[in-house]
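Below: one structure, written as structure tokens.
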Ligand SMILES: Nc1ncnc2c1ncn2[C@@H]1O[C@H](COP(=O)(O)OP(=O)(O)O)[C@@H](O)[C@H]1O
Ligand SMILES: [Mg+2]
């Protein structure tokens, strides 16, 4: 009872009062507050010292000499090597193509987040055009652009491309798997279930490995295609197996009356799925779906295993050569920041969607 | 051309090994209003859900508006468009507004243009006396209002037959009458109706025939005066004594 009174904060109290109630409500609380506060101040000061005050930001001559004997961060490594991290081994004079390609994919992804585009007839063409521009820019071979094979793509652009393509192929596959698993025909439901469970029980690394290195021996020549596409499809399949179960859980959360009412109105199977079942299932399954998107983004770093130079791998390369090997913390901070920007935007967007979609639910 | 809306003969329905409906014979003429009552678990819901094939029967025949509901029924969706249904728990689509709930099926299943569908939906929402709620979501309405929307939604398909499965039994007492009023006015307009309900006042007022079911069988059917005045079967008498003593 006394606790509750102590924690109760009247709505109009001023900041000093609030602070006192929150952090200094008893002698013990005051001591803890002061100790934790001192520790935080010390930590922040040290990080600030290292990252800002004593840091070296640039290397005019492009060597690591500027960083010898300094106390702080050697951001010069980013200054000198950022192109490697962002573009991988993409030919230096052509890196503007990689820049635009990356921007196109990110723009298309952002546009897909706007409710206006949430129709198959809008989303489909948007992404087809987006990928067409991306591919033309990256691969070249037309319009006077020199040819750059996918083996030379790399860095952030590659990460974004593999992610977008994987999710985009994976999402319809996931919907199809989820619906097939609910099929009234036991053969179809069981087979789909077995496929989903099999894919989920394999590590992603082994799927990527199989797609990149083993499939070429197994598939007939005309089906082999480029390694990047086999890897993307393996990646998409892995995403789809998990996302299918997420969608299925969203469908199962619906009261059976929803489908019955739709049937009773004479809606066909696809009308029921598109207009009644899936819109509600995605709302129900939004938090785990966002979760899956975030995890998948981070899992793109595994494609380095089969020789793709995505952003983390090119980060490793940026300090890997002797000269900058002391600056690995700085490079990892930079790469972490890139991941953070993407993943944090995703989760903020997820939170926005949850609020937005809740309108209209009880 | 017969004038029957629904003809059921020798129909049996099983859930697994459980015999849910036993040798049902029932003919409903166009424009007829039928009330079905009986104790819980007697198969009332199962019976009317067989009429739009939400449940499948195993033996006998069901003919709805001239189409036989057997395994060959090519397009069950076609028949369901002519047979409206109102559920105990309303089953409105929570992600769509009241207006969208009403226009969805006319636009998709009947290919009606949006403005036409909206005009028609507003007409029916006025008919059930909640046009002012059109832009709200179902979750923002009371139970009685939701059920009236559900009736309007069914009417928007201009069905030949309307099935009601205990439309008032999930409602708070003060909301029952607003729904019953709408149902009475539909009955007066000559809608073919099969209503599972225990609202005996409603049955007296509008039913052409009252059917009593028990343990999967039709035990007795008669015009309301006869049904309430002089029930023949003992089980009917017991049932009526129970619900009318409340
Ligand atoms: N989906 C089902 N599976 C198995 N048994 C069912 C199912 N639906 C209903 N039943 C059984 O069939 C009988 C009739 O049910 P129902 O038609 O819902 O009765 P009522 O509507 O008259 O209360 C009940 O004994 C019920 O337990
Ligand atoms: Mg029932």
**Request:** Tell me which of these residue A:254 doesn't satisfy, since it passes every other one: (1) out of contact with any helix residue (DSSP H, G or I) (no Cβ under 6 Å at 6 or more places or on another chain); (2) outside any helix (DSSP H, G or I).
**Result:** (1)
**Flag if residue A:43 is touching a helix residue (DSSP H, G or I) at 6+ places or on another chain (Cβ under 9 Å) and farther than 30 Å from residue A:152 by Cβ** = no
**Message:** Checking the structure you have, find out if any residue of segment A:257-271 is surrounded by fewer than 21 Cβ atoms within 10 Å (Cβ to Cβ), over 25 Å from residue B:106 (Cβ atoms) and either at pLDDT 90 or above or within 14 Å of chain B (Cβ to nearest Cβ) (or both).
**Reply:** no
**Request:** Report, by residue number, each residue of segment A:59-76 that is surrounded by 12 or more Cβ atoms within 10 Å (Cβ to Cβ) and touching a helix residue (DSSP H, G or I) at 6+ places or on another chain (Cβ under 8 Å).
**Result:** A:59, A:62, A:63, A:64, A:66, A:67, A:72, A:73, A:74, A:75, A:76
**Prompt:** Is it true that some residue in segment B:214-232 is within 15 Å of ligand 1 (Cβ to nearest atom), surrounded by fewer than 18 Cβ atoms within 10 Å (Cβ to Cβ) and in contact (Cβ under 8 Å) with a residue 24 or more places away in the chain?
**Reply:** yes
**Request:** Could you list, in sequence order, all residues of segment B:74-89 that are within 15 Å of ligand 2 (Cβ to nearest atom), more than 7 Å from chain A (Cβ to nearest Cβ) and buried (at least 23 other Cβ atoms within 10 Å of the Cβ)?
**Result:** B:86
**Request:** Restrict the check to segment B:44-60 and report whether at least one residue is modelled with pLDDT of 95 or more, more than 14 Å from every other protein chain (Cβ to nearest Cβ) and either within 21 Å of residue B:192 (Cβ to Cβ) or in contact with a helix residue (DSSP H, G or I) (Cβ under 6 Å, 6 or more places away or on another chain) (or both).
**Result:** yes
**Item:** Given (1) crowded, with 19+ Cβ neighbours inside 10 Å; (2) under 28 Å from the mean Cα position of the chain (by Cα); (3) within 30 Å of residue B:150 (Cα to Cα), number of the condition residue A:278 does not satisfy
**Value:** (1)
**Asked** Given B:8, B:36, B:48, which one is more than 12 Å from ligand 1 (Cβ to nearest atom) and buried (at least 20 other Cβ atoms within 10 Å of the Cβ)?
**Response** B:8
**Prompt:** In this structure, does residue B:94 turn out to be at the interface with chain A (Cβ under 10 Å from one of its Cβ atoms), away from ligand 1 (no atom under 16 Å from the Cβ), over 21 Å from residue B:11 (Cβ atoms) and crowded, with 21+ Cβ neighbours inside 10 Å?
**Reply:** no
**Message:** Looking only at residues that are assigned to a helix (DSSP H, G or I) and touching a strand residue (DSSP E or B) at 6+ places or on another chain (Cβ under 9 Å) in segment B:182-197, which one is surrounded by the most Cβ atoms within 10 Å (Cβ to Cβ)?
**Reply:** B:183
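The values are calculated or read from the model by the stated rules, or taken from the named source; none is laboratory data. All values reported here derive from a predicted model rather than from experimental measurement. Because the Cβ atoms are built from the backbone with ideal geometry, glycine has one as well, and the counts that use them run over all protein chains shown.
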